[in-house]
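S.K.: Before we start, here is the structure in question, set down as structure tokens.
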Amino acid sequence: MSIRFGMIGGGVMGEAILSRLIKEKMYSPETVLVSEPSSDRREELAQRYQIEVTDSNRKVMQSASEVLLLAVKPQVLPRIEADWDGAKENIEHLPLLISILAGIPILRLEAGLDPLPVVRVMPNTNATVGASMSAIAPGSRLRTEQLTLAKTILSTIGQVVEVSESAMDAVTGVSGSGPAYVALLIESLADGGVSAGLPRSIAQQLAIQTVLGTATLLQEEQIHPAQLKDRVTSPGGTTIAGVAELEASGFRSAIIKAVQAAQARSAELGH
Ligand SMILES: NC(=O)c1ccc[n+]([C@@H]2O[C@H](COP(=O)([O-])OP(=O)(O)OC[C@H]3O[C@@H](n4cnc5c(N)ncnc54)[C@H](OP(=O)(O)O)[C@@H]3O)[C@@H](O)[C@H]2O)c1
């Protein structure tokens, strides 16, 4: 069977996307080819997903008819561009290039992997459990049906929003880096529980489920977070005492500044 989906770089994020595509039956294993330099990793992926693997990026570039997913670290891009220069003469198809490389602009991808149509994506680490928040920015050569295809692929690992490329640094500040902020929140909530006398495992379970449940409630009821906060703060009660302490400690402005700092750092790295 011919290869429809090619992936370059079989690391953490690549596997997260690949596993969902196969599980959701978007691509059957015999239509997938993955290139990866580590032989142990190749063997692992081949066994786990019953797919074909190779150490040749050129082979993937020349075989994939529909989609080429670029899932290497950004610093590896020059090597991928060199491989493309060697491969492009013998290419019969023009697959959609989906790049998840943080900080690499569409212009650079369109120049280095000319003439492929490009879409730039910023997923987050929650992709490994199918709960990613991915932002997608279309390149200038993308056809409408290719944008739809990219969104369908990304929807297998979670939610997708389309943004203009200029918003990518802001997206990085919120949803790209966001899992780390939420992990800090959970950790400190659990630490608070331990300092209040709870066993660590119980405190952690309480903290995780509280964050998960709150996010689910906000998403399902589609209410403003302030409404939820008002709902659980009774006059003179426990919750308003906690909220007052968070306000006095600058909790909200700390999070706002964290997003701005991550956005600024993302912009810095991209230039
Ligand atoms: N992880 C995240 O949460 C996250 C979020 C948003 C965006 N991203 C982006 O996703 C991309 C991949 O990140 P990751 O976390 O999945 O990294 P990773 O686990 O290190 O995966 C990269 C893979 O590429 C392989 N590789 C290295 N050189 C190669 C080459 N010349 N040709 C083909 N494959 C090569 C690596 O193999 P070796 O290990 O053998 O070198 C590794 O398996 C990055 O560009 C990152 O910016 C990641």
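The values are calculated or read from the model by the stated rules, or taken from the named source; none is laboratory data. In this text the structure is predicted, and so the values were computed from the model without any measurement. Cβ atoms come from the backbone with ideal geometry, glycine included; neighbour counts cover every protein chain shown. In case anyone asks, the SASA skips ligands and DNA or RNA and just uses the protein heavy atoms, side chains included. Shrake-Rupley method; radii C 1.70, N 1.55, O 1.52, S 1.80 Å.
S.K.: Let me have the relative contact order for region 1-62, percent, based on Cα pairs under 8 Å that are six or more residues apart.
M.R.: Values: 90 pairs, mean separation 23.0, N = 62.
Reported as a whole number, the value is 37 percent.
S.K.: Right, here's the next one. Would you mind calculating the relative contact order of region 176-269 from Cα pairs under 8 angstrom and at least 6 residues apart, reporting the percent as a whole number?
M.R.: 18
S.K.: Mind listing which trypsin sites (Lys or Arg not before Pro) in region 64-163 are in a DSSP loop and have 14 or fewer other Cβ atoms within 10 Å?
M.R.: Qualifying residues, ordered by number: 143.
S.K.: So for 271, 93, what's the accessible-area order with a 1.4 Å probe, most first? All intermediate terms of the calculation are to be shown ahead of the outcome.
M.R.: Working: 271 185, 93 60 Å².
Largest accessible area first, the residues go 271, 93.
S.K.: Given the options 15, 89, 66, state which has the largest fluctuation in a GNM of the chain using a 10 Å cut-off (strictly under) for Cα springs.
M.R.: Looking only at 15, 89, 66, the largest GNM fluctuation is found for 89.
S.K.: If you don't mind, another one. Name the residue, out of 67, 259, 76, whose mean-square fluctuation peaks in a Gaussian network model built on the chain with Cα pairs under 10 Å.
M.R.: Of 67, 259, 76, the most mobile in the Gaussian network model is 76.
S.K.: Now for a separate question. For helix 238-248, what angle does its Cα long axis make with the longest principal axis of the chain, in degrees from 0 to 90 and rounded to 10?
M.R.: 70
S.K.: Measuring with a 1.4 Å probe in the full set of protein chains, what accessible area per residue, in whole Å², belongs to region 5-168?
M.R.: Heavy-atom SASA per residue in region 5-168 reads 44 Å².
S.K.: Taking every DSSP beta bridge that has both residues in the chain, what percent is antiparallel when rounded to the nearest 5? Let's see the in-between values first.
M.R.: Values: 4 of 27 bridges.
Of the beta bridges lying entirely in the chain, close to 15 percent run antiparallel.
S.K.: Report the one residue of 258, 172, 64 whose Cα lies farthest in the direction of the positive end of the charge dipole of the chain (charges on C-beta: Lys and Arg +1, Asp and Glu -1; origin at the Cα centre).
M.R.: In the chain, that residue is 258.
S.K.: Taking amide H atoms as placed 1.01 Å from N in the peptide plane, list the residues 5 or more away in sequence, or in a different chain, whose amide H sits under 5 Å from that of residue 124.
M.R.: 133
S.K.: Compute the relative contact order of the chain as a whole-number percentage, counting only Cα pairs closer than 8 Å that sit 6 or more residues apart in sequence.
M.R.: Worked out over the chain, it gives 14 percent.
S.K.: In sequence order, what are the phi-derived ³J(HN,Hα) couplings for region 118-126 according to the Karplus relation 6.51 cos²θ - 1.76 cosθ + 1.60 with θ = phi - 60°, rounded to whole Hz, with x for glycine and proline?
M.R.: 3J(HN,Hα) across region 118-126, in whole Hz: 10, 10, 9, 10, 10, x, 10, 4, 5.
S.K.: When the Karplus curve 6.51 cos²θ - 1.76 cosθ + 1.60 is applied with θ = phi - 60°, which whole-Hz ³J(HN,Hα) does each residue of region 148-153 get, with x for Gly and Pro?
M.R.: 4, 4, 4, 5, 5, 5
S.K.: Under the Karplus relation 6.51 cos²θ - 1.76 cosθ + 1.60, θ = phi - 60°, what is the ordered set of whole-Hz ³J(HN,Hα) values for region 88-100, x standing for Gly and Pro?
M.R.: So the Karplus estimates, Gly and Pro as x, are 5, 4, 9, 9, 8, 10, 10, x, 6, 8, 9, 9, 10 Hz.
S.K.: Let me ask something else. Sort 132, 195 by heavy-atom solvent-accessible area, probe 1.4 angstrom, most to least. Provide the component values of the computation, followed by the final result.
M.R.: Numbers: 132 5, 195 100 Å².
The ranking, largest first, comes out as 195, 132.
S.K.: Go through 59/151; 229/257; 73/229; 23/73; 151/229; 73/151 and tell me which ones have a Cα-Cα distance over 29 Å in this structure.
M.R.: Check vs 29 Å cut-off fails for 73/229; 151/229.
S.K.: Rounded to the nearest 20 debye, what is the charge dipole size of the chain about its Cα centre when +1 sits on each Lys and Arg Cβ and -1 on each Asp and Glu Cβ?
M.R.: Taking the Cα centre of the chain as origin, the dipole is about 220 debye.
S.K.: Hey, what angle do you get for helix 39-49 against the long axis of the chain, alpha-carbon based, 0 to 90 degrees rounded to 10?
M.R.: 80
S.K.: Any chance you could give the angle, 0 to 90 degrees and rounded to 10, that helix 200-221 forms with the longest Cα principal axis of the chain?
M.R.: Once rounded, the angle reads 80 degrees.
S.K.: Now for a different question. Per-residue ellipticity at 222 nm for the chain, helices alone: DSSP H runs ≥ 4 residues times -39500 (n - 2.57), over residue total, nearest 500 deg cm²/dmol?
M.R.: Roughly -16000 deg cm²/dmol at 222 nm, from the helical runs in the chain.
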